[in-house]
Amino acid sequence: MLEQGHDKRLGSDELGGRLGEKATLVQFSSAFCAPCRATRRVLGEVAEMVPGVAHVEIDAEARLELVRELGIVRTPTVLVLDAAGREVRRASGQPRKADVIAAIGAAL
């Protein structure tokens with residue numbers, strides 16, 4: 001289930017990837033995380049399906065400072081950002097495709 005996001009604005013510099021025109025799906029992953037692979041697939045499918053939505057994956061181990069700053073406690077964690085880079089939803093664990101699509105609606 002996707003929960004309400006925090007009031008932190010993220011940009012391309014922090015993410016290491018381009019923001020989507022309408023929304024961005026930010027995935028925090030780790031190397032040996034099996035649910036991360038499935039989450040990558042789901043988020044990639046949604047980003048291809050919904051125009052203006054980008055998917056950015058971040059290696060949590062390589063970006064510990066950002067992980068701590070955002071309060072990421074497990075992988076996968078998915079943040080849904082609006083066009084301005086504000087977090088509008090967050091989920092820990094593997095999200096369902098329907099939940100991701102619904103969360104994008106909150107970002108638009």
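If a residue must be touching a helix residue (DSSP H, G or I) at 6+ places or on another chain (Cβ under 8 Å), of a type in the set (D, E, K, R) and outside any strand (DSSP E or B), how many such residues does region 37-63 contain?
Counting residues in region 37-63 that are touching a helix residue (DSSP H, G or I) at 6+ places or on another chain (Cβ under 8 Å), of a type in the set (D, E, K, R) and outside any strand (DSSP E or B) gives 1.
Looking at the structure I just gave you, is residue 70 among the aliphatic types (A, V, I, L, M), surrounded by 14 or more Cβ atoms within 10 Å (Cβ to Cβ), touching a residue at least 24 places away in the same chain (Cβ under 8 Å) and more than 11 Å from residue 23 (Cα to Cα)? Let's see the steps before the verdict.
Numbers: among the aliphatic types (A, V, I, L, M): yes; surrounded by 14 or more Cβ atoms within 10 Å (Cβ to Cβ): yes; touching a residue at least 24 places away in the same chain (Cβ under 8 Å): yes; more than 11 Å from residue 23 (Cα to Cα): yes.
Here the answer is yes, as residue 70 does meet what is asked.
Consider region 64-90. How many of its residues are assigned to a helix (DSSP H, G or I) and of a type in the set (Asp, Glu)?
The initial filter retains those residues of region 64-90 that are assigned to a helix (DSSP H, G or I), namely 64-70.
Add one more test, that the residue is of a type in the set (Asp, Glu), and what stays is 65, 69.
Going through region 64-90 one residue at a time, the tally reaches 2.
State whether the residues of region 42-52 include one that is open to solvent by less than 50 Å² (accessible area, probe 1.4 Å), under 13 Å from residue 91 (Cα atoms) and free of Cβ contacts under 8 Å to residues at least 60 places away in the same chain.
Looking for residues that are open to solvent by less than 50 Å² (accessible area, probe 1.4 Å), under 13 Å from residue 91 (Cα atoms) and free of Cβ contacts under 8 Å to residues at least 60 places away in the same chain, one finds at least one in region 42-52, hence yes.
Of the residues 91, 107, which single one is closer than 18 Å to residue 33 by Cα, at pLDDT below 95 and either open to solvent by less than 20 Å² (accessible area, probe 1.4 Å) or in contact with a Phe, Trp or Tyr (Cβ under 8 Å, 6 or more places away or on another chain) (or both)?
Values: 107 fails: closer than 18 Å to residue 33 by Cα.
Matching residue, one of 91, 107: 91.
The values are calculated or read from the model by the stated rules, or taken from the named source; none is laboratory data. Note that the structure is predicted; figures quoted are calculated from it, not measured. Glycine also receives a Cβ, built like all others from the backbone with ideal geometry; neighbour counts cover every protein chain displayed. Calculation scope for accessible area: heavy atoms of the full protein, side chains included, ligands and nucleic acids excluded. Shrake-Rupley method; radii C 1.70, N 1.55, O 1.52, S 1.80 Å.
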